[in-house]
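What follows is one structure encoded as structure tokens, with my remarks underneath.
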Amino acid sequence: MTSDSTAATPATTAAAAAAAAAAAAAAGTWKLGDRTVHRIGFGTMRLPQTGPALVPHAVPRDREQALRVLRRAVELGVNHIDTAAFYFSPLRSANELINRALAPYADDLVIATKVGPGRGIDGEWVEHARTPARLRAQVEQNLRQLGRDHLDLVNLRILGTDSVAERFGALAELREAGLIRQLGLSNVHPHQLAEAQAIAPVVCVQNPYGIGATPEQDELLRICGEQGIAFVPFYAIAGAGRQDGAGEAEPAQVRAVAEARGASTAQVRLAWTLHRGPHVLAIPGTGDVAHLEENIAAGALRLSAEELALLDEAHAGRAHADVASTG
């Protein structure tokens with residue numbers, strides 16, 4: 001039998017929970033519309049499978065492992081989770097894993113999803129949803145899978161530079177109907193952001209961004225900051241590796257800062273991204289609890305002016321300039 005001196009007490013349990021929740025809080029907060037979130041969140045793209053994501057024959061991740069990652073993220077203070085109905089592998093769906101792990105949902109938890117892209121049951125990509133009827137069907141699919149009567153935040157994911165008015169207008173109507181709380185955009189250009197804003201409020205822009213991103217992404221990040229819109233980078237760690245994950249090559253500047261700080265290059269990349277502005281949120285994804293904890297700890301990494309200058313050199317060199325979208 002365990003002695004009283006080693007048994008966990010309510011006080012020690014509460015203290016441990018508070019310490020865990022402080023991890024994500026170290027990055028600070030930002031408002032997504034009327035909801036306040038920690039600037040370090042969690043992206044679920046990698047959760048349903050091991051290895052590359054968004055491929056037809058991905059190897060399903062162990063279900064219990066995926067559920068542990070989600071629950072640990074919330075324990076660490078994450079209250080912004082990014083997902084999509086097209087994040088799935090055989091046997092695993094990110095939305096259904098979220099539902100299983102986290103429902104009933106905490107009041108402060110913001111689950112952001114996206115519509116536009118689609119995949120058939122075989123995992124192959126299908127044509128983007130461009131009509132109001134197809135976009136509504138995707139919204140309803142997310143509602144069913146997440147077990148909700150409304151979606152906290154829906155990002156309209158775009159391919160190309162054409163008009164977003166009809167598609168964003170369709171989502172704005174669903175917002176008025178109460179199916180969606182807030183709207184955002186993903187993979188867009190500045191003129192598309194302006195077009196959408198003329199239709200309904202845009203609370204966030206979710207674009208590929210990190211060390212080495214193209215100059216246009218810097219411009220969009222600046223525009224969002226000036227207008228109080230959250231900028232939510234994806235592939236901040238993977239860079240040109242995209243859904244395949246980070247590659248072996250890293251700019252010398254990133255390696256140097258990581259070695260000096262005793263941090264991983266992933267942590268350095270995340271910290272640099274968060275330093276780009278108080279409106280920048282991070283949604284690093286993983287299917288491993290240790291990597292999750294490492295990523296969230298990056299929110300507490302404060303880079304010096306000298307370190308930022310060094311990393312800015314790597315960024316200006318456009319070490320990973322390939323940010324064209326595939327989904």
Response to the item:
Sequence order, segment 107-118: Karplus ³J(HN,Hα) from phi using 6.51 cos²θ - 1.76 cosθ + 1.60, θ = phi - 60°, Hz rounded, Gly and Pro as x, gives 4, 8, 7, 9, 9, 9, 10, 9, 10, x, x, x
Worksheet item: For the chain, modelled as a GNM with alpha-carbon contacts under 10 angstrom, which of Gln65, Gln145, Gln217 fluctuates the most?
Response: Gln65
Worksheet entry | Accessible area of the chain belonging to carbon and sulfur atoms, whole % at 1.4 Å probe | 55
Worksheet item: Quick one: putting +1 on the C-beta of Lys and Arg, -1 on the C-beta of Asp and Glu, what dipole do you get for the chain around its Cα centre, in Debye to the nearest 20?
Response: 540
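Mind checking the per residue accessible area of the chain for me, 1.4 Å probe, whole number of Å²?
42
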Item to complete: For Thr50, list long-range residues whose amide hydrogen, built 1.01 Å from N in the peptide plane, is under 5 Å from its own amide hydrogen.
Response: Val59, Arg61
Fill in: Dipole of the chain, positive end: most advanced residue of Leu311, Thr44, Ala271 [Cβ charges, Cα centre]
Thr44
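The values are calculated or read from the model by the stated rules, or taken from the named source; none is laboratory data. All of these numbers come straight from a predicted model, not from anything done at the bench. Note: ideal-geometry Cβ built from the backbone for every residue, glycine included; neighbour counts use all protein chains shown. These area figures cover heavy atoms from the full protein model, side chains too; ligands, DNA and RNA do not enter into them. Shrake-Rupley method; radii C 1.70, N 1.55, O 1.52, S 1.80 Å.
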